[in-house]
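Each remark here refers to the structure printed beneath this line.
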Amino acid sequence: MKVFGVTGWKNAGKTTLMERLVAEIAGRGLSVSTLKHAHHGFDMDQQGKDSFRHREAGAREVLVASTARFAILHELRGEEEPPLEALIGRLAPVDLVLVEGWKRDRHPKLEVWRRVTGAALIATDDETIRAVVSDDAPEIGRPVMPFGDIARIADFALREAATL
């Protein structure tokens, strides 16, 4: 599958850009899936629900299904976090997988950067970052695209996506 990433520091606008990219690319008739990295524990399950009780009892995986969707909750139970490629391998085939986070992985990506966050540009030291999305980024020898030009950003992502 083709993979392209969106990375950047906290509060730079990564999730907003991801949302707009998914809508733009899906609106072109292409299938899109996303992966989102969380740097902390998270839970999609609710205490007291059957699936939560199954996990708490020790189940390694719990699959919850309905007529609208299904989800698999996989407990690592002390194992290492799976590498990005392994997680991508669990997805159904699509035209493009957009990855949010995983800044240090080697897939092609763009950086979302805003001066007001006070964070340094990651792109200056990372050749996997092919462009920067920003309204005020300094010149770094790579394309800089404004937040509002979603069609151009989508075109770029589709061109730069790599098969993993």
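The values are calculated or read from the model by the stated rules, or taken from the named source; none is laboratory data. Since we're looking at a predicted model, the values are computed, not measured. Don't worry about glycine lacking a Cβ; one is built from the backbone with ideal geometry, like all the others, and counts go over all protein chains shown.
Listing for the model above:
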| quantity | calculated |
| --- | --- |
| Which numbered condition Lys103 misses (of (1) touching a Ser or Thr at 6+ places or on another chain (Cβ under 8 Å); (2) modelled with pLDDT of 95 or more; (3) of a type outside the set (Phe, Trp, Tyr)) | (2) |
| Pair list, Cβ under 6 Å, 6 or more apart: segment 95-116 residue touching a residue at least 40 places away in the same chain (Cβ under 8 Å), other residue buried (at least 24 other Cβ atoms within 10 Å of the Cβ) and assigned to a loop (DSSP other than H, G, I, E, B) | Glu111/Gly8; Val112/Gly8; Trp113/Gly8 |
| Every pair of residues 6+ apart whose Cβ atoms lie under 7 Å, when the first sits in segment 44-61 and is more than 17 Å from Gly78 (Cβ to Cβ) while the second is modelled with pLDDT under 80 and among the acidic types (Asp, Glu) | Ser51/Asp45; Phe52/Asp45 |
| Qualifying residue in segment 31-48 (condition: among the small types (Gly, Ala, Ser), at pLDDT 95 or above and under 25 Å from Arg130 (Cα atoms)) | yes |
| Unmet requirement for Ala92, which otherwise passes all of (1) surrounded by 12 or more Cβ atoms within 10 Å (Cβ to Cβ); (2) among the small types (Gly, Ala, Ser); (3) modelled with pLDDT of 90 or more | (1) |
| Identity of the residue in segment 3-38, in a helix (DSSP H, G or I) and among the polar types (S, T, N, Q), that ends up nearest to Arg104 (Cα to Cα) | Thr15 |
| Among (1) part of a loop (DSSP other than H, G, I, E, B); (2) surrounded by 11 or more Cβ atoms within 10 Å (Cβ to Cβ), the one test that Ser51 misses | (1) |
| Criterion violated by Thr124 - all others in (1) part of a loop (DSSP other than H, G, I, E, B); (2) at pLDDT below 95 satisfied | (1) |
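Residues are listed down the side, and each one gets a yes or a no for (1) closer than 22 Å to His39 by Cα; (2) of a type in the set (Lys, Arg); (3) surrounded by fewer than 19 Cβ atoms within 10 Å (Cβ to Cβ):
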residue	(1), (2), (3)
Lys109	yes, yes, no
Glu127	no, no, yes
Asp135	no, no, yes
Pro143	no, no, yes
Phe147	no, no, yes
Ala151	no, no, yes
Ala154	no, no, no
Leu158	no, no, yes
